[in-house]
Amino acid sequence: MMHAQTITDPGEEIKISFGYNFTDDSGEESDGIDNCHGIKLQRANNSFSCLSGAALSANATLANTNICNGLFGAEILPALDSPTSFRRIPSSQSFSRLDLLSSSLQSNLSILSGSPSSPSELPDDDSFSWRSTSAPRSDGFLNATEVKIAGGAAGEDRVQAVCSEENGSLFCGIYDGFNGRDAADFLAGTLYETIGNYLNLLDWEMEQESDKLSDRLGFCGSLHDAVEDGRSSIKVKDTSGNVNQGSYVDCFAKVEKSCDSFKQKVLKSLEQALFQAESDFLHMVEQEMDDRPDLVSIGCCVLVVLLHGKNMYVLNVGDSRAVLATHSDVISICNDEVLQAVQLTISHNVDDEFERTQLLKDHPDDPSTIVAGKVKGRLKVTRALGVGYLKKKTMNDALMGILRVRNLISPPYVSVKPHMTVHEISSSDQFVVLGSDGLFDFFNNDEVVKLVHSYILCHPSGDPAKFLVEQLVMRAADCAGFSMEELMSIPAGRRRKYHDDITVIVIILGMNKRTSKASTYI
């Protein structure tokens, strides 16, 4: 269910603010259940009740970019540069392989990125749907008759959220660009569709495997029904007609193993989609770098969260974070329940001991791998999409004078290898906060969880993401010796001295009724 109302924000400092509240067809919040046995993920019950997103610019950026001869142009960016709410749009019935050189890509991206101002502007026919050329249609994950999408841009950050009530799934992406916004624009326009393509292929492959398994183990379907019905055992006859008492345990183990294997394959699909995005982006940079050599230095940190059923899949490259708030066994002095902050991501930068050690190990013959606390003296993060000049000598050579990295002995120095995890949501889990590193420059994980928790208790229908951004502005102003009004009067660009671009998404997890009544509005 979508809600909409106007935010009165003096000065319109908060450049993005969107909210979404989930209800099922009956209007009641759904309890999440695990549906991994079924392989196909059509209509798994959700484990989230609502989310909110907010962002604030610090960097001054151009109003538009023209990467790849205008692939991202006026049709997309105006919608991303203004506050947007969730809008309902038709989704393609299947995902084909993303063809970046297709003449029809721009119009497809314009539709799927939410740039039409209303559903009435969408074409009546399905000419914009991407037809699968590699696999039959399969209902699962991101395939749905309708999705609701929101997104926006703040400085060099991009944020995206896509929800399917039909499938009970939620996709969130935070793309923290640096040295320019082109890589973040690219991801905002393509990554969701690329991920959908790989997940659709996985769904089809798993369906084929499931059919083969059913041919060999026809009793597994009965076993699954029995487990769901709570029956304690099943007697299964083997090929000779004798009752095999061990078959129940063996088949159950196969089902459990299949479930774990499926989760890993989903993570692998997310990784493959990111690798595809990296390859496609660097290919585009190579085509354009003669005219725009600055493209070789542009990069982006990536944080993607995909919720389906009870499973939350997390992928990150760079230093954005996902922090889970879950109930611990500790009881405070006031007999209040204590929320524990659990970081689901790893910060990929030279301050991390493992990242620093691994980087030096990978380049034993280069004494200048880390200079002044940065990779080759240029970059704090050790993993990111883009930044081709630290990955390919030809791209570094495209830079002139002091911009070029000297002694690029053994590239690549920056990796796009992601950290990935899957978390099974329980009734103890309350919410998860996604944020670009600008948020964590001022708040640690525990402070973020405490702020959101206290706000939700006092304002169950409020906007916790916007609240976090406002609290950060207050702290940044205090650290700088300014009032909030004085800090916000400093124009973007100059204000980067006091805080980074900030992007926040708060997802309220709906497994527990204590949080199910919280909703967010725009």
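Please treat every number below as a calculation from the coordinates, not as lab data. Being a predicted model, the structure only gives us computed values, none of them experimental. Don't worry about glycine lacking a Cβ; one is built from the backbone with ideal geometry, like all the others, and counts go over all protein chains shown.
When each of the peptides 191-197, 14-20, 478-484 is scored by how many other beta carbons lie within 10 Å of its residues on average, the order from highest to lowest is 14-20, 191-197, 478-484.
Using the per-residue mean of other Cβ atoms lying within 10 Å as a proxy for protection, in what order, highest first, do the peptides 202-211, 294-303, 259-268 fall? Mind dumping the intermediate values first?
Numbers: 202-211: 17.6, 294-303: 26.9, 259-268: 15.9.
For the peptides 202-211, 294-303, 259-268, the packing ranking is 294-303, 202-211, 259-268.
Between amide H atoms placed 1.01 Å from N, distances below 5 Å from residue 376 occur with 370, 371, all of them 5 or more places distant or on a separate chain. Between the alpha-carbon centers of region 464-508 and region 155-206, tell me the distance in whole angstrom. About 26 Å separates the Cα centre of region 464-508 from the one of region 155-206.
So, R0 is 22 Å and r is the distance between the beta-carbons of residue 268 and residue 352; what FRET efficiency does that work out to, to 0.05? Could the numbers behind the result be given before it?
Details: r = 24 Å, r/R0 = 1.09.
Efficiency for this residue pair is about 0.40.
Taking other residues whose beta carbon is less than 9 angstrom from the beta carbon of residue 164, and scoring Lys, Arg as +1 and Asp, Glu as -1, yields -2. Note on residue 402 and residue 483: with the Förster distance fixed at 45 Å, the Cβ-Cβ geometry gives a FRET efficiency of about 0.70. Its relative contact order, with pairs defined as Cα atoms under 8 Å and 6+ residues apart, puts region 296-444 at 33 percent.
Based only on Cα atoms, what mean projected area does the convex hull of region 372-485 have, in nm²? Mind showing how you got there, number by number?
Details: hull surface 46.3 nm².
Dividing the Cα hull surface by four gives the mean projection, 11.6 nm².
3J(HN,Hα) along region 462-469: x, 10, x, 5, 5, 4, 4, 4 Hz, from the Karplus curve 6.51 cos²θ - 1.76 cosθ + 1.60 with θ = phi - 60°, whole Hz, x for Gly and Pro. Pairs spanning more than 22 Å between alpha-carbon atoms, out of 268/450; 374/417; 263/380: 268/450; 263/380.
Couplings 3J(HN,Hα) for region 357-368, derived from phi with the Karplus relation 6.51 cos²θ - 1.76 cosθ + 1.60 (θ = phi - 60°), are 5, 5, 5, 5, 5, 6, 10, x, 9, 10, x, 10 Hz, where x marks Gly and Pro.
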